[in-house]
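Visitor: Structure incoming, see below.
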Amino acid sequence: MAYLLLYVDDIILTASSDELRQSIISLLSSEFAMKDLGLLSYFLGIAVTHHTIGLFLSQKKYAAEIIDRAGMSSCKPSPTPVDTKPKLGATTSTPFADPSLYRSLAGALQYLTFTRPDITYAVEQVYLFIHDPRDEHMHALKRIVRYLQGTLEYGLHLYSSSTTNLVSYTDADWGGCPDTRHSTSG
(Lines give C-alpha, C1' and ligand atoms only; values in the text may rest on other atoms or scores of the structure.)
Protein backbone atom coordinates (compact mmCIF):
# COMPACT_ATOMS: atom_id res chain seq x y z
CA MET A 1 0.00 0.00 0.00
CA ALA A 2 1.33 3.43 -0.90
CA TYR A 3 -0.09 6.93 -0.58
CA LEU A 4 1.07 9.83 -2.70
CA LEU A 5 -0.09 13.37 -2.05
CA LEU A 6 0.71 15.81 -4.84
CA TYR A 7 0.29 19.57 -4.50
CA VAL A 8 1.64 21.60 -7.44
CA ASP A 9 5.31 20.53 -7.39
CA ASP A 10 5.48 19.05 -3.88
CA ILE A 11 4.98 15.35 -3.23
CA ILE A 12 4.47 13.47 0.00
CA LEU A 13 4.97 9.74 -0.37
CA THR A 14 4.47 7.06 2.22
CA ALA A 15 4.30 3.31 1.73
CA SER A 16 3.75 0.13 3.70
CA SER A 17 7.38 -0.89 3.13
CA ASP A 18 10.65 0.91 2.52
CA GLU A 19 11.25 -1.24 -0.58
CA LEU A 20 7.95 -0.13 -2.13
CA ARG A 21 8.66 3.52 -1.30
CA GLN A 22 12.14 3.31 -2.86
CA SER A 23 10.72 1.61 -5.95
CA ILE A 24 8.16 4.38 -6.44
CA ILE A 25 10.81 7.06 -5.92
CA SER A 26 13.01 5.34 -8.49
CA LEU A 27 10.18 5.19 -11.04
CA LEU A 28 9.25 8.84 -10.47
CA SER A 29 12.90 9.93 -10.65
CA SER A 30 13.27 8.29 -14.04
CA GLU A 31 10.51 10.60 -15.37
CA PHE A 32 10.93 13.79 -13.31
CA ALA A 33 13.71 15.76 -11.67
CA MET A 34 13.24 15.09 -7.97
CA LYS A 35 14.92 15.73 -4.65
CA ASP A 36 14.24 13.63 -1.55
CA LEU A 37 14.00 16.01 1.42
CA GLY A 38 13.79 13.20 3.97
CA LEU A 39 11.23 12.94 6.72
CA LEU A 40 8.25 15.26 6.41
CA SER A 41 8.46 18.22 8.78
CA TYR A 42 6.28 20.97 7.23
CA PHE A 43 3.73 20.93 4.41
CA LEU A 44 1.15 23.56 3.41
CA GLY A 45 1.31 25.25 6.81
CA ILE A 46 1.08 22.00 8.74
CA ALA A 47 3.98 21.18 11.06
CA VAL A 48 4.70 17.45 11.37
CA THR A 49 6.40 16.02 14.46
CA HIS A 50 7.52 12.39 14.36
CA HIS A 51 7.12 10.21 17.47
CA THR A 52 7.87 6.56 18.05
CA ILE A 53 4.17 5.69 17.86
CA GLY A 54 3.13 8.02 15.03
CA LEU A 55 2.87 11.63 13.91
CA PHE A 56 1.54 14.84 15.39
CA LEU A 57 0.14 17.41 12.94
CA SER A 58 -0.16 20.99 14.11
CA GLN A 59 -1.19 24.33 12.65
CA LYS A 60 -0.19 26.33 15.74
CA LYS A 61 1.50 29.09 13.73
CA TYR A 62 -1.48 29.38 11.39
CA ALA A 63 -3.92 29.50 14.34
CA ALA A 64 -1.86 32.30 15.91
CA GLU A 65 -2.02 34.20 12.61
CA ILE A 66 -5.82 33.88 12.59
CA ILE A 67 -5.96 35.27 16.14
CA ASP A 68 -3.78 38.21 15.05
CA ARG A 69 -5.85 38.81 11.91
CA ALA A 70 -8.98 38.96 14.07
CA GLY A 71 -7.28 41.57 16.27
CA MET A 72 -7.63 39.32 19.31
CA SER A 73 -4.03 38.62 20.34
CA SER A 74 -4.67 39.60 23.93
CA CYS A 75 -8.16 38.10 24.31
CA LYS A 76 -9.13 35.82 27.17
CA PRO A 77 -9.54 32.18 26.09
CA SER A 78 -12.94 30.52 25.92
CA PRO A 79 -13.30 27.01 27.37
CA THR A 80 -15.42 25.82 24.42
CA PRO A 81 -15.61 26.83 20.73
CA VAL A 82 -19.39 27.18 20.65
CA ASP A 83 -22.20 28.28 22.95
CA THR A 84 -24.46 25.27 23.28
CA LYS A 85 -27.62 27.13 24.20
CA PRO A 86 -28.67 29.60 21.47
CA LYS A 87 -28.91 28.60 17.81
CA LEU A 88 -27.64 30.97 15.14
CA GLY A 89 -30.32 32.36 12.85
CA ALA A 90 -30.00 33.93 9.41
CA THR A 91 -31.55 37.33 10.16
CA THR A 92 -31.86 37.70 13.93
CA SER A 93 -29.43 40.62 14.31
CA THR A 94 -28.02 43.53 12.34
CA PRO A 95 -25.69 42.88 9.38
CA PHE A 96 -22.01 42.73 10.32
CA ALA A 97 -20.19 45.90 9.26
CA ASP A 98 -17.24 44.16 7.52
CA PRO A 99 -18.46 41.04 5.68
CA SER A 100 -15.11 40.57 3.91
CA LEU A 101 -13.34 40.24 7.28
CA TYR A 102 -15.95 37.71 8.39
CA ARG A 103 -15.51 35.69 5.18
CA SER A 104 -11.73 35.81 5.44
CA LEU A 105 -11.71 34.60 9.04
CA ALA A 106 -14.36 31.92 8.41
CA GLY A 107 -12.36 30.58 5.46
CA ALA A 108 -9.14 30.57 7.49
CA LEU A 109 -10.88 28.70 10.29
CA GLN A 110 -12.20 26.16 7.81
CA TYR A 111 -8.63 25.38 6.65
CA LEU A 112 -7.60 25.02 10.30
CA THR A 113 -10.08 22.15 10.76
CA PHE A 114 -7.65 19.84 8.91
CA THR A 115 -5.72 19.40 12.16
CA ARG A 116 -8.34 20.69 14.59
CA PRO A 117 -11.42 18.44 14.44
CA ASP A 118 -12.48 19.92 17.80
CA ILE A 119 -13.58 23.14 16.08
CA THR A 120 -15.24 21.60 13.00
CA TYR A 121 -18.84 21.86 14.20
CA ALA A 122 -18.44 25.44 15.41
CA VAL A 123 -16.70 26.53 12.19
CA GLU A 124 -19.36 24.95 10.01
CA GLN A 125 -22.05 26.77 12.00
CA VAL A 126 -20.48 30.20 11.32
CA TYR A 127 -19.69 29.21 7.72
CA LEU A 128 -23.42 28.68 7.06
CA PHE A 129 -23.86 32.46 7.15
CA ILE A 130 -20.89 33.51 5.01
CA HIS A 131 -23.22 34.99 2.36
CA ASP A 132 -24.88 37.42 4.82
CA PRO A 133 -22.98 37.61 8.12
CA ARG A 134 -24.69 39.25 11.07
CA ASP A 135 -23.32 40.61 14.35
CA GLU A 136 -24.35 37.45 16.20
CA HIS A 137 -22.46 35.34 13.65
CA MET A 138 -19.31 37.41 14.23
CA HIS A 139 -19.73 36.93 17.99
CA ALA A 140 -19.86 33.16 17.40
CA LEU A 141 -16.77 33.37 15.17
CA LYS A 142 -14.92 35.36 17.83
CA ARG A 143 -15.76 32.71 20.40
CA ILE A 144 -13.98 30.16 18.20
CA VAL A 145 -10.97 32.49 18.02
CA ARG A 146 -10.99 32.87 21.82
CA TYR A 147 -11.08 29.07 22.11
CA LEU A 148 -8.05 28.87 19.81
CA GLN A 149 -6.23 31.32 22.08
CA GLY A 150 -6.35 28.76 24.88
CA THR A 151 -5.72 25.67 22.73
CA LEU A 152 -2.88 26.64 20.40
CA GLU A 153 -0.98 23.47 21.30
CA TYR A 154 -3.80 21.21 20.04
CA GLY A 155 -3.40 19.22 16.86
CA LEU A 156 -4.02 15.84 15.31
CA HIS A 157 -2.28 12.65 16.42
CA LEU A 158 -1.89 9.96 13.76
CA TYR A 159 -0.79 6.49 14.70
CA SER A 160 -1.08 2.98 13.30
CA SER A 161 -3.98 0.86 14.38
CA SER A 162 -5.03 -2.71 13.84
CA THR A 163 -8.68 -1.60 13.64
CA THR A 164 -10.09 -2.01 10.15
CA ASN A 165 -13.66 -1.00 10.95
CA LEU A 166 -15.02 2.47 10.35
CA VAL A 167 -16.80 3.79 13.42
CA SER A 168 -18.89 6.95 13.33
CA TYR A 169 -21.14 8.84 15.71
CA THR A 170 -23.89 11.31 15.02
CA ASP A 171 -26.25 13.51 16.93
CA ALA A 172 -29.40 15.18 15.65
CA ASP A 173 -31.63 17.87 17.07
CA TRP A 174 -34.96 17.48 15.37
CA GLY A 175 -36.13 20.83 14.06
CA GLY A 176 -33.05 22.58 15.47
CA CYS A 177 -32.54 25.22 12.78
CA PRO A 178 -34.35 28.39 13.93
CA ASP A 179 -34.87 29.60 10.34
CA THR A 180 -36.07 26.51 8.48
CA ARG A 181 -37.02 24.21 11.40
CA HIS A 182 -35.02 21.46 9.64
CA SER A 183 -32.98 19.00 11.65
CA THR A 184 -29.30 19.66 12.16
CA SER A 185 -26.64 17.17 13.11
CA GLY A 186 -23.08 17.21 14.30
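The values are calculated or read from the model by the stated rules, or taken from the named source; none is laboratory data. Nothing here was measured: the structure is a model prediction, and the numbers come from that model. Positions of Cβ are generated from backbone atoms using ideal geometry, with glycine treated the same way; all protein chains shown enter the neighbour counts. What goes into the accessible areas is simple: the full protein's heavy atoms, side chains included, and nothing from ligands, DNA or RNA. Shrake-Rupley method; radii C 1.70, N 1.55, O 1.52, S 1.80 Å.
Visitor: Answer with yes or no whether HIS50 is over 30 Å from ASP10 (Cα atoms), without any contact (Cβ under 8 Å) to a residue 12 or more places away in the chain and open to solvent by 60 Å² or more (accessible area, probe 1.4 Å).
Guide: No; evaluated as a whole, the condition is false for this residue.
Visitor: Filter region 70-103 down to the residues that are over 16 Å from ALA122 (Cβ atoms), of a type in the set (S, T, N, Q) and either at pLDDT 95 or above or touching a Lys or Arg at 6+ places or on another chain (Cβ under 6 Å) (or both) and list them by number.
Guide: Correct list: SER73, SER74, SER93, SER100.
Visitor: A further question follows. Restricting the search to region 13-25, which residues are surrounded by 10 or more Cβ atoms within 10 Å (Cβ to Cβ) and either in a loop (DSSP other than H, G, I, E, B) or at pLDDT 90 or above (or both)?
Guide: Result: LEU13, SER16, SER17, LEU20, ARG21, GLN22, SER23, ILE24, ILE25.
Visitor: Working only within region 103-120, note down all residues that are assigned to a helix (DSSP H, G or I) and within 15 Å of GLU65 (Cα to Cα).
Guide: Once the filter is applied, which keeps residues that are assigned to a helix (DSSP H, G or I) and within 15 Å of GLU65 (Cα to Cα), region 103-120 yields SER104, LEU105, ALA106, GLY107, ALA108, LEU109, GLN110, TYR111, LEU112.
Visitor: PRO81: open to solvent by less than 50 Å² (accessible area, probe 1.4 Å), within 25 Å of ARG134 (Cα to Cα) and out of contact with any helix residue (DSSP H, G or I) (no Cβ under 9 Å at 6 or more places or on another chain), yes or no?
Guide: no
Rundown of residues vs (1) acidic (Asp, Glu); (2) over 26 Å from HIS157 (Cα atoms); (3) surrounded by 18 or more Cβ atoms within 10 Å (Cβ to Cβ), yes/no style:
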| residue | (1), (2), (3) |
| --- | --- |
| SER41 | no, no, no |
| LYS61 | no, no, no |
| TYR102 | no, yes, yes |
| THR115 | no, no, yes |
| LEU128 | no, yes, no |
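Visitor: Within region 66-78, can you find the residues that are assigned to a loop (DSSP other than H, G, I, E, B) and either surrounded by 14 or more Cβ atoms within 10 Å (Cβ to Cβ) or more than 19 Å from the chain's Cα centre (by Cα) (or both)?
Guide: Hits for region 66-78 are ALA70, GLY71, MET72, SER73, SER74, CYS75, LYS76, SER78.
Visitor: Among what's in region 150-166 and is part of a loop (DSSP other than H, G, I, E, B) and closer than 21 Å to ILE119 by Cβ, pick the residue that is nearest to the chain's Cα centre (by Cα).
Guide: GLY155
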